[in-house]
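Only one structure is covered here, and it is reproduced in the block below.
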């Protein structure tokens, strides 16, 4: 039996994690749930699973839930809710499914508490890769990827000798703007960018998919998860999102992980690793017509991907600034404060404004993350 803390329980990954739990009540018990502000759904989840604790990050939403929920589950608010759920004694695994850099501190505390990490928050490794991976080694903690691409690579690498692997090949759907001309891309609206052709995801990650910032974040995350340098990580556009990622061996053989675009498969594999158990979802059928296309990314039209490789190679706090500035700019774009091209322009401007870097500590990481958000906000006004 595994005892789960789910950080981000009302989001896309969180709700699908709960669906997996509901399919296997004999294997999983939810002991903690944390949401940002969706208290209606959170309350339903609390009533259904009766966790030991639940939390709401947004203070006003917490007060609203506190005023109407009087059951046995203990309620927490703000950052305290994330830390309490991440370190809850009864929890054996923490699913980090919150969006953005908010997941860094809670992931650090979960690792220090010896919890297995189911990682869906890619920003944690992008911003704090050196810190997080060092801590995981120190505390002998497994970090199991939930992102479909990283889960695919993880599965392909199983049983392989690393020295026999030449490179990792991360697939990208290309997003909703894949077929747009350079001129059209300049005029893309939030509504255009939220029409993802194959995946159903939250707003922030869907915008990142349109700009290929998301793929850039995944490249940096793969570097830290699998300890491959950036010269041995490639990206290929695959519109059907059937091949979730691949590895190429030294002799040229390619191993791939395939499946329909359904996040429950990588979620469940992280939760049951190393076991595999049945999952009720639409599996890939080779009796049906199956067309698989692959093409190189358009780096000039989607410059965020090239920039991600550059900041990844430079290291230090640059990936954290890249992530924080992008996150701030994406939310501004969703609020119609800036245009689509200005997301990239904001990120490069914040990176250019960076000064000399301090030692790579958690406090310094959180400080520069905050600086990058403030700088991006200044540029957006």
Filtering region 160-176 down to residues that are modelled with pLDDT of 95 or more and either touching a helix residue (DSSP H, G or I) at 6+ places or on another chain (Cβ under 8 Å) or outside any strand (DSSP E or B) (or both) yields 160, 161, 162, 163, 164, 165, 166, 167, 168, 170, 171, 172
Tell me which helices (runs of 4 or more DSSP H) are completely within region 184-240 and hold 2 or more residues being over 30 Å from residue 161 (Cα atoms) and either free of Cβ contacts under 8 Å to residues at least 12 places away in the same chain or out of contact with any helix residue (DSSP H, G or I) (no Cβ under 6 Å at 6 or more places or on another chain) (or both), or say none if there are none. 190-193, 203-211
Could we say that residue 364 is touching a helix residue (DSSP H, G or I) at 6+ places or on another chain (Cβ under 8 Å), in a helix (DSSP H, G or I) and not assigned by TED's automatic domain parsing to the domain that holds residue 189 here? no
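Could we say that residue 18 is farther than 21 Å from residue 103 by Cβ and touching a strand residue (DSSP E or B) at 6+ places or on another chain (Cβ under 9 Å) here?
No, not satisfied.
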If we scan region 323-345, do we find a residue that is surrounded by fewer than 16 Cβ atoms within 10 Å (Cβ to Cβ), part of a helix (DSSP H, G or I), over 22 Å from the mean Cα position of the chain (by Cα) and not assigned by TED's automatic domain parsing to the domain that holds residue 187? yes
Of all residues in region 104-126 being assigned to a loop (DSSP other than H, G, I, E, B) and closer than 26 Å to residue 373 by Cα, the one that is modelled with the highest pLDDT: 120
Of the residues that sit in region 1-26 and are under 20 Å from the mean Cα position of the chain (by Cα) and in a strand (DSSP E or B), which one is farthest from residue 80 (Cα to Cα)? 4
What about residue 277, is it exposed (fewer than 14 other Cβ atoms within 10 Å of the Cβ), outside the structural domain of residue 118 (by TED's automatic domain parsing) and in contact (Cβ under 8 Å) with a residue 40 or more places away in the chain? yes
For residue 213, are the conditions met, namely being assigned by TED's automatic domain parsing to the domain that holds residue 297, over 20 Å from residue 331 (Cβ atoms) and buried (at least 16 other Cβ atoms within 10 Å of the Cβ)? no
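The values are calculated or read from the model by the stated rules, or taken from the named source; none is laboratory data. Computed from a prediction, not measured in an experiment: that's the story for all the values here. Glycine also receives a Cβ, built like all others from the backbone with ideal geometry; neighbour counts cover every protein chain displayed.
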